[in-house]
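Beneath this line is the structure, given in structure tokens, with notes to follow.
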Amino acid sequence: MGACRKLQGEIDRVLKKVQESVDVFDSIWSKVYDTENANQKEKFEADLKKEIKKLKRFRDQINTWIHFSGIKDKQALMDACKIIERELERFRIFEETKTISFSKEGVGQQPKTDPAKSETRDWLNNTDDLVDAIFNPSEDLIGLEDVAYLNIPLRKLVMETNNFSKEYVIAKGGFGLVYKAQSEHGTIAVKKLDPRFGQGDREFMMEIAMLSAYTHKNLVSLVGFCNEGDEKILVYKYESNGSLDQHLHRKDLTWIQRLRICLDVAQGLKYLHDDIGTQHRILHRDMKSANILLDENFRAKISDFGLSKIALANVPCTILISEVCGTPGYCDPEYYKRGILTQKSDVYSFGVVMFEVLCGKLVGVSKHLDEPHCSSMLEVSRKRSPKNECGCKRTRESFGLPTSSFPGIIRHQVDFVLEVALTLDG
């Protein structure tokens, strides 16, 4: 008991030190903002670096405590980590976006009547804006007035679904119910959110924001939304073959179709991570086969952006500290253990989906109870690298894939995709 009190005392001390260090950092940041003198600017930057070193030490210590089973208030530790990561990200952007205009030599080259002060202010303001976009993506992300053209009156949806009749239900989930209906837009899927199941304003607005701003052949298409009274409804273009998880076990889903599904999802992820703009990227956070929809030609489309995060795109690997969410079995272990989210977290989850597509089985609790799950095979397969025909054969066998019935070219494709999946999940 005494040891617990001592540990809690140390935690309280460090949390207090974190706040003090953040206050010092903010104070120095303001001085950088106000100064016109290059020498002073250089000194303040050195002071910022000292505080950054302190904050990194505090972060490492807090990350150690987070994993202690006896810690009661882990949320306070997570909050402190998030505050620290915000300052680290702020300083990193500050360093990366500097130009010679803000260096000692650059300022010296400018005429005295044109000090760097106004440019520095613009620079620091831009840094703050970028950090806000990362750490507060739900704040002022989008207003309903910005997407008024997508608004669909509730009475219209009531009419099209026959007052949300059970006969129109095509899917059930932790979010609520999905109805199939006909409208002026063609066949639609009407997703009626149930607030009792945790789908809140943030998830609702994020879905609208993502799908109204970004369109791609491998992302689901948003037709509109309804936000009247207590009702929150999302309307999508209907994808006739439903979600991928419903088709994994089918023997008539050919290898070519499976390969094409993997390629479609990869292209959708590449768009989210690399192609939506120069300033930011989208991290999905809940990649799984149930969130991949298939159209009439079995072309894949990524869906369900309610948990998505906005991140910087002008660095090789954006890191966010985030409250862990997602689906067990698909979640990146690094993200699950430490709350550290990167684009690689989505890639890990995609690797799990690739395993599912290859072996025709879900990683979690399968609807087909007589089939083994992928999760038990992952551990075995991670230890095997299909670099040669013998290794490939053993790996295929561990997944229940035929070793000789595939034609030669397809067998090589299977081996290649297995190797890619093992790499992504490694």
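Can you sort 216, 284 so the residue with the fewest Cβ neighbours within 10 Å comes first? Write down the numbers at each step before the final one.
On the way: 216 16, 284 25.
Least crowded to most crowded, the residues run 216, 284.
For segment 144-237, report the convex hull volume of the alpha-carbon atoms normalised per residue, in Å³, without decimals. Please report the intermediate quantities before stating the final value.
Numbers: hull volume 9.8 nm³, N = 94.
Once divided by residue count, the hull of segment 144-237 is 104 Å³.
Sticking with the crude label model, points 7 Å out along Cα→Cβ, report the distance from residue 57 to residue 202 in nm, one decimal please.
The two pseudo-label positions are separated by 3.2 nm.
Please list, in order along segment 52-60, the HN-Hα scalar couplings obtained from phi with the Karplus expression 6.51 cos²θ - 1.76 cosθ + 1.60 (θ = phi - 60°), rounded to whole Hz, x for Gly and Pro.
4, 4, 4, 4, 5, 5, 4, 4, 4
Using the Kirkwood radius over Cα pairs, work out the Stokes-Einstein diffusion coefficient for segment 8-67 at 4 °C and 1.567 mPa s, in µm²/s as a whole number.
Values: Rh = 12.6 Å.
The calculation lands on 103 µm²/s.
Out of all DSSP beta bridges with both ends in segment 144-237, state the antiparallel percent to the nearest 5.
Working: 23 of 24 bridges.
Antiparallel: roughly 95 percent of the beta bridges in segment 144-237.
Quick note: the coordinates plus some simple rules give every number you see, no bench work behind them. From a predicted model like this one, the values you see are computed outputs, not experimental measurements. Cβ atoms come from the backbone with ideal geometry, glycine included; neighbour counts cover every protein chain shown.
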